[in-house]
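Q: Can you keep this structure in mind? I'll have questions shortly.
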Amino acid sequence: MLKKNPAPQQCPTNFEKIEPMFNQEFRTIHPIFPEWTLERMPKKINTKRIKLDKNQMFEGWLYGSYNTKGKFRCLKCIKSGITDSDATWSSAYTTVLCATYYEPDADEYGQDWIGGWIEMKIFAQQCSNCGEYVTGELDDQRCRNFVKWLHRWIGHKFYGYPFRRLGYQGKTTDRHHLVNQCEACEAGWCHYSGN
Ligand SMILES: [Zn+2]
Ligand SMILES: [Zn+2]
């Protein structure tokens, strides 16, 4: 599955779209939190909620999830000539998981400073056709909505600002969500199952 020399990507990844939006939001929109950094969640992290729970804190990390609508494209099927309608789908239950860590630290000169880290991951869904796990893609507007949610959530959790619950809540027409093919359902973070 993982090629050693991946072809140059035609369109930016979710992270490549989200990171500059994050930097702009956290550094220029009131209240600003310039000490925060956004990173991709390392693949080796076990995101099973049962392991992470206990007031959502786990070894100093605070976890939160955001529900949005994503588009999924199975490149394996597309490459093998499967028609677009079978190889692509969208889901109103596309889950973004954020792991955050906030602590005082010291730089190389021994100066104390406070830094916050956010690791993000968009859960995959399994292609009905071939079984491959495919990561959801968010369009620009949904990336922006996610970053705005993240800004409010961090403000609330770490600085005590009031929080308004926004974000895509799903629709009744999305009842056909395929639980067995959703990595977020499996890990216990999908909003479909009331998480
Ligand atoms: Zn497929
Ligand atoms: Zn799900």
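The values are calculated or read from the model by the stated rules, or taken from the named source; none is laboratory data. All figures in this text were calculated on a predicted structure; none of them were measured in a lab. All Cβ positions, glycine included, derive from the backbone under ideal geometry; neighbour counts span all protein chains shown. When the accessible area is computed, the model is the full protein with side chains, heavy atoms only, and any ligands, DNA or RNA have been set aside. Shrake-Rupley method; radii C 1.70, N 1.55, O 1.52, S 1.80 Å.
Q: List nothing, just return the count: lysine pairs in the stretch 70-165, 8 or more apart or interchain, with Cα separation under 22 Å.
A: Close lysine pairs under the 22 Å cut-off: 7.
Q: Continuing with this model, one more query. Just the number, please: carbon plus sulfur as a percent of the accessible area of the stretch 14-193, 1.4 Å probe, no ligands or DNA/RNA counted.
A: That fraction is 49 percent.
Q: Report the equivalent ellipsoid semi-axes for the stretch 14-193 in whole Å, largest first, defined as the square roots of five times the eigenvalues of the gyration tensor built from alpha carbon atoms.
A: Each semi-axis is √(5λ); the values are 31, 17, 17 Å.
Q: From Cα pairs below 8 angstrom and at least 6 apart in sequence, can you work out the relative contact order of the stretch 62-158, rounded to a whole percent?
A: 29 percent
Q: From the backbone phi of the stretch 115-132, what are the Karplus-calculated ³J(HN,Hα) couplings (6.51 cos²θ - 1.76 cosθ + 1.60, θ = phi - 60°) in whole Hz, Gly and Pro given as x?
A: Here the 3J(HN,Hα) series is x, x, 10, 10, 9, 10, 8, 9, 5, 8, 10, 8, 5, 5, 7, 10, x, 5 Hz.
Q: Please list the non-local residues whose amide H lies under 5 Å from the amide H of Cys182, H modeled 1.01 Å from N, same-chain partners needing a gap of 5 or more.
A: Under 5 Å from the amide H of Cys182: Gln126.
Q: At a Förster radius of 22 Å, what calculated FRET efficiency corresponds to the Cβ-Cβ distance of Leu178 and Thr135, to the nearest 0.05?
A: E between Leu178 and Thr135, to the nearest 0.05, is 0.90.
Q: Can you find, among Ile45, Ala187, Trp153, the residue farthest towards the positive end of the dipole of the stretch 14-193? Put +1 on the C-beta of Lys and Arg, -1 on that of Asp and Glu.
A: Positive-most Cα among the choices belongs to Ala187.
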